[in-house]
Ligand code: AMP
């Protein structure tokens, strides 16, 4: 098999996947891994392309992880487009699709027993609005990493805090010695809206308004050297609220720690936003400097 997949192999069982990947590793092949929840778009596919460019074997997993949904109705409505996903992955040069069922990933049930210590990362921003979310994320990513044991792990900057949480997981488990986290830029629609599986749930007029999250982050980027941060965040929130969004947060944070900052005196900054348009929760972020 070449890295430019002539075929894409699907596995449902972790034991079969492990065995296959062990053989590939013995042949000295590097393995890239892209964990996803499906409903794939160009953002996901850009991660597959990056993996295919830099590894001989690219593995994608599709698993809608129930333990990271703090809102059950969000889980129920999560889009599933498996046939399309398979076609896109094949075309992108993915070699292996891992499609586990819930019993494969949660043999002892979905009640989480092991608690990861993620420190403050778990309680700020996404963590504070989605209690338990990151415990679900690290649990599933840790299990997937133990199954795939990739050389390179590809994740999107779109989920900025998630990348930081996974970096912390790699550090705490010592996996960082074997697995290199490769964070890829956010892919956007032509108008700037960050691509997201949830975008397909937006009605046409909601979709038209959704781009305002990106535009508001741009507004922060254009003004953060001129306007005080508290004032700027207030104005940004008002822009979104006036358009009909329900804002969870708009924050300007230290890009390395994600802790909020009050002024422009220190190092790199990131602006982050989360807001509902109707019942669809959208997130985005932009590096400021
Ligand atoms: P998800 O299926 O939402 O769990 O996302 C799977 C991976 O794709 C995560 O690492 C996301 O950060 C990444 N991703 C999602 N949207 C984008 C995007 N617009 N651009 C780049 N990567 C993305």
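The numbers here are math on the coordinates, done by the rules we state, and not lab data. Since the model is a prediction, treat every value here as computed from it, not as a measurement. No Cβ is skipped: glycine too gets one built from the backbone with ideal geometry, and neighbour counts run over all protein chains shown.
If a residue has to be over 13 Å from the mean Cα position of the chain (by Cα) and either near the ligand (Cβ under 8 Å from one of its atoms) or not in a helix (DSSP H, G or I) (or both) to count, how many in the range 156-187 make the cut?
If we filter the range 156-187 for residues that are over 13 Å from the mean Cα position of the chain (by Cα), which is where we start, we get 168-180.
Pick out the ones that are also either near the ligand (Cβ under 8 Å from one of its atoms) or not in a helix (DSSP H, G or I) (or both) and you get 174, 178-180.
Qualifying residue count, the range 156-187: 4.
Kindly indicate the residue of the range 32-47 that is within 7 Å of the ligand (Cβ to nearest atom) and in a helix (DSSP H, G or I) and also surrounded by the fewest Cβ atoms within 10 Å (Cβ to Cβ) among those meeting that condition.
46
What residue, among those in the range 48-58 that are touching a helix residue (DSSP H, G or I) at 6+ places or on another chain (Cβ under 6 Å) and more than 13 Å from the ligand (Cβ to nearest atom), is farthest from residue 279 (Cα to Cα)?
57
Would you be able to tell me the number of residues in the range 193-203 that are surrounded by 17 or more Cβ atoms within 10 Å (Cβ to Cβ) and out of contact with any strand residue (DSSP E or B) (no Cβ under 6 Å at 6 or more places or on another chain)? Steps first, please.
Of the residues in the range 193-203, the ones surrounded by 17 or more Cβ atoms within 10 Å (Cβ to Cβ) are 193-199, 201-202.
Cutting the leftovers down to out of contact with any strand residue (DSSP E or B) (no Cβ under 6 Å at 6 or more places or on another chain) gives us 193, 195-197, 199.
Total meeting the criteria: 5.
Just to verify a result, which residue in the range 131-155, among those that are touching a helix residue (DSSP H, G or I) at 6+ places or on another chain (Cβ under 8 Å) and part of a loop (DSSP other than H, G, I, E, B), is nearest to the ligand (Cβ to nearest atom)?
132
Somewhere in the range 267-278, is a residue free of Cβ contacts under 8 Å to residues at least 24 places away in the same chain and either surrounded by 15 or more Cβ atoms within 10 Å (Cβ to Cβ) or not in a strand (DSSP E or B) (or both)? Steps first, please.
Our first condition is that a residue be free of Cβ contacts under 8 Å to residues at least 24 places away in the same chain; within the range 267-278, this holds for 267-268.
Next cut, either surrounded by 15 or more Cβ atoms within 10 Å (Cβ to Cβ) or not in a strand (DSSP E or B) (or both) only: 267-268.
For the range 267-278, residues free of Cβ contacts under 8 Å to residues at least 24 places away in the same chain and either surrounded by 15 or more Cβ atoms within 10 Å (Cβ to Cβ) or not in a strand (DSSP E or B) (or both): present.
What tally of residues in the range 85-121 results from selecting those that are closer than 22 Å to residue 168 by Cα and in contact (Cβ under 8 Å) with a residue 40 or more places away in the chain? First the steps, then the outcome.
At the first step, the residues of the range 85-121 found to be closer than 22 Å to residue 168 by Cα are 105, 112-121.
Keeping just the survivors that are in contact (Cβ under 8 Å) with a residue 40 or more places away in the chain gives 105, 112, 116-121.
Within the range 85-121, residues that are closer than 22 Å to residue 168 by Cα and in contact (Cβ under 8 Å) with a residue 40 or more places away in the chain number 8.
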